[in-house]
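The values are calculated or read from the model by the stated rules, or taken from the named source; none is laboratory data. On a predicted model such as this, the values are computed, not experimentally measured, just so you know. Cβ atoms come from the backbone with ideal geometry, glycine included; neighbour counts cover every protein chain shown. Ligands, DNA and RNA are stripped out before the accessible areas are found, and what is left, the full protein with its side chains, is counted by its heavy atoms. Shrake-Rupley method; radii C 1.70, N 1.55, O 1.52, S 1.80 Å.
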Amino acid sequence: MAGSLFTDASKRLEKALKYVAISDDAGERLKYPKTSLSVSIPVRMDDGSLKIFPGYRVRYDDTRGPGKGGVRYHPNVTMDEVQSLAFWMTFKCALLNLPFGGAKGGITLNPKELSRAELERLSRGYIEAIADFIGPDVDILAPDVYTNEMMMGWMMDQYSIIRRKISPAVVTGKPVTMGGSQGRNTATGTGAFFIMQAMLPKFDRYPENTTVAVQGFGNAGMVVAECLYQEGYKVVAISDSQGGIYNEQGVDIPAAIDYKQHNRSLAGMYCDQTLCDLGDNQQLSNAELLALDVDVLIPAALENQLTADNADQVKARYIFEVANGPTTSGADDILVSKGIYVFPDILVNAGGVTVSYFEWVQNRSGLYWSAKEVNDRLKEKMVEEAEQVWHIAQDLEVSVRTAAYIHALNRLSEAMDAKGTRDYYQDT
Ligand code: NAD
C-alpha cells in the first residue's frame, strides 16, 4: 500500500504519537487511508486519437467531515503521492479546526502538452470517472499543482450535469462568477504571509532586517513573495522549474510577476518563460537558492526539495513550507539539529483550504462575503492556530512540526473516540 513518500509522511505521525495520549484505535486508524480509487480516463485528442490517462482520488479520513483536497495534474503523480497528500490534508483540516477530513486527487500527465480543449475533456472525464466517489457532503475537490480555477469550473459543471442539479459546493477554487470565493486564488500565499507576520517577530525578525528566498514562483509562491515585498521584506531570490534569479538589493517582485504573467503559452494556461530571462539579476540554480545565506527560506514548489543530501547546506534560520512535503523526514532531523525553525506545510499553506472552507460555506448558504471579510476571517484563523502550535512547541520542547501534528492529532482522536473506544466497550 505504502511507497516511500507515504512512509516518510507517516514518520511525522509516529513522532507526534509519543506526545499525545490517544486511544490505540485512533492511532491505528490514522496509519491507513480509508479509501483509494484508481481510474483510467479516456480522452479524445485533437488529432482524433484516443489516449488513456491514469487518475486517482484518495479519501484518507472523514471522521471530522467530508473529504477535502485538491487535484494535481503532473507527470509524477502516483497513488503513493496522492495518498501522502491526502494524509497531509487530514492533519491540515484538523489543525485549522475545519469540519473536513482529508482527501486528494491527481492525474498522471504533462498538462503543458495538451491543448485547452483536451484539458477540458480530461477534466470532465476525470469527474465522470469519480462522480460516485465525491459530492458536497462526501468529498470536495480544489485546485493544486497545474490545475486552476477554470478547470475547477469545468469539474463543477460536469458534476452538476451528472447529478442534474447545480452543485457548486462539490468543488472549491471555482471562478467567482460560478460561485467561487473572493480571495481564494491568493489564499495560500496570503495565509502563509499572516503566519510569517505572527511568528517572525518572536525572533526579533522584522521587514527591515530580514532577507527571504522563495523557491517556486507559481500561484502560492508569487503571492507570498508579493505580500512580503509590499510589507518591506527584502526578497533576494526567486525561482521556477528552470532556475532562479538573485539580487542582493532585492528582486523587483511586481516586475517578476508581470513578466511571468505576460509570457504565457497555451492560451493563458501555463507559463513557458522562465524567470532566468528576467534582466538585471544574477542567475542561480534551484540547488544554489536552497543554500543561500538568507534569514528565511520558503520552499513553494514541490515535495522532497530539502533532503538528507542537501539539508546540511541550508543557511536560513527559518523555513516556512508553502509547498506540501518539501522537507523529507531525514532532512528534518538535520535542520532541527542545526537549530533551524521549520514552520510546517500543514500550518503554513493551510490558507488555501481555509478559504476553500469559506467558499463551501458560502455555496451552501447562498450568502457571499466581501474580499475584506474573507481576508479578516482568514487572518484570525491562521494566527489563532499558529499561536496554539507555537505554545505546544514551547511547552513540550518539540519542533514546530511535531507541535502541529500533536495539535491536529488531539482533535482527530477526540472525534474518533467520540464513536466509542476499546475502554468504553470493555466497561459495559
Ligand atoms: P503552481 O503550479 O502554480 O507553481 C509551482 C511553481 O513551482 C512553478 O513556478 C514551477 O515552475 C515551480 N517549480 C516546479 N518545479 C520546481 C523546482 N524543482 N524548483 C523550483 N521551482 C519549481 O503550483 P502552486 O499552486 O503554487 O503549488 C505549489 C506548492 O504549494 C505545491 O506543493 C502545492 O501542493 C502547494 N499548495 C498550493 C496551494 C494552492 O492553493 N495553490 C495550497 C496548498 C498547498
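Quick notes on this structure:
- Residue within segment 77-100 that is open to solvent by 20 Å² or more (accessible area, probe 1.4 Å), within 18 Å of residue 411 (Cβ to Cβ) and part of a loop (DSSP other than H, G, I, E, B) present: yes
- All told, residue 280 meets the bar of being more than 12 Å from the ligand (Cβ to nearest atom), open to solvent by 10 Å² or more (accessible area, probe 1.4 Å), at pLDDT below 95 and out of contact with any helix residue (DSSP H, G or I) (no Cβ under 6 Å at 6 or more places or on another chain).
- Of the candidates 173, 191, the single residue that is under 30 Å from residue 293 (Cα atoms), within 16 Å of the ligand (Cβ to nearest atom) and either part of a helix (DSSP H, G or I) or under 17 Å from the mean Cα position of the chain (by Cα) (or both) is 191.
- Every residue from segment 9-43 that is part of a helix (DSSP H, G or I) and either at pLDDT 95 or above or touching a strand residue (DSSP E or B) at 6+ places or on another chain (Cβ under 9 Å) (or both): 29
- When the residues of segment 149-167 are filtered to those that are closer than 23 Å to residue 354 by Cα and touching a Phe, Trp or Tyr at 6+ places or on another chain (Cβ under 9 Å), the one that is surrounded by the fewest Cβ atoms within 10 Å (Cβ to Cβ) is 167.
- Members of segment 199-226 found to be open to solvent by 20 Å² or more (accessible area, probe 1.4 Å) and away from the ligand (no atom under 14 Å from the Cβ), listed by number: 201, 202, 203, 204, 205, 206, 207, 208, 209, 211
- Pairs are defined by a Cβ separation below 7 Å, a sequence spacing of at least 6 or placement on different chains, a first member in segment 145-160 that is closer than 21 Å to residue 186 by Cβ and charged (D, E, K, R), and a second member that is part of a loop (DSSP other than H, G, I, E, B) and at pLDDT 95 or above; the pairs so defined are 149/173; 149/174; 149/175; 149/180.
This table checks each residue for (1) open to solvent by 30 Å² or more (accessible area, probe 1.4 Å); (2) within 30 Å of residue 420 (Cα to Cα); (3) without any contact (Cβ under 8 Å) to a residue 60 or more places away in the chain; (4) within 16 Å of the ligand (Cβ to nearest atom).
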residue: 32; (1), (2), (3), (4): yes, yes, yes, no
residue: 54; (1), (2), (3), (4): yes, no, yes, no
residue: 72; (1), (2), (3), (4): no, no, no, yes
residue: 103; (1), (2), (3), (4): no, yes, yes, yes
residue: 108; (1), (2), (3), (4): yes, no, yes, yes
residue: 116; (1), (2), (3), (4): yes, no, no, no
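- Pairs with Cβ under 6 Å, 6+ apart, first in segment 386-403 and touching a residue at least 40 places away in the same chain (Cβ under 8 Å) and assigned to a helix (DSSP H, G or I), second among the basic types (Lys, Arg) and open to solvent by 50 Å² or more (accessible area, probe 1.4 Å): 402/15
- Considering the conditions (1) within 15 Å of the ligand (Cβ to nearest atom); (2) under 24 Å from residue 66 (Cβ atoms); (3) at pLDDT 95 or above; (4) open to solvent by 10 Å² or more (accessible area, probe 1.4 Å), residue 351 is excluded by exactly one of them, (4).
- Residue within segment 356-377 that is more than 20 Å from residue 218 (Cβ to Cβ), surrounded by fewer than 17 Cβ atoms within 10 Å (Cβ to Cβ) and in contact with an Asp or Glu (Cβ under 7 Å, 6 or more places away or on another chain) present: no
- Residues in segment 229-257 that are away from the ligand (no atom under 15 Å from the Cβ) and either part of a helix (DSSP H, G or I) or among the hydrophobic types (A, V, I, L, M, F, W, C) (or both): 229, 230, 231, 236, 254, 255.
- Here residue 196 meets each of (1) out of contact with any helix residue (DSSP H, G or I) (no Cβ under 7 Å at 6 or more places or on another chain); (2) away from the ligand (no atom under 13 Å from the Cβ); (3) part of a loop (DSSP other than H, G, I, E, B); (4) in contact (Cβ under 8 Å) with a residue 60 or more places away in the chain with one exception, condition (3).
- Boolean, residue 363 is at pLDDT 95 or above and either within 16 Å of the ligand (Cβ to nearest atom) or under 28 Å from residue 327 (Cα atoms) (or both): no
- Within segment 332-346, one or more residues are in contact (Cβ under 8 Å) with a residue 40 or more places away in the chain, in a helix (DSSP H, G or I) and within 9 Å of the ligand (Cβ to nearest atom).
- Selection count where residues are among the charged types (D, E, K, R) and open to solvent by less than 10 Å² (accessible area, probe 1.4 Å), scope segment 313-331: 1
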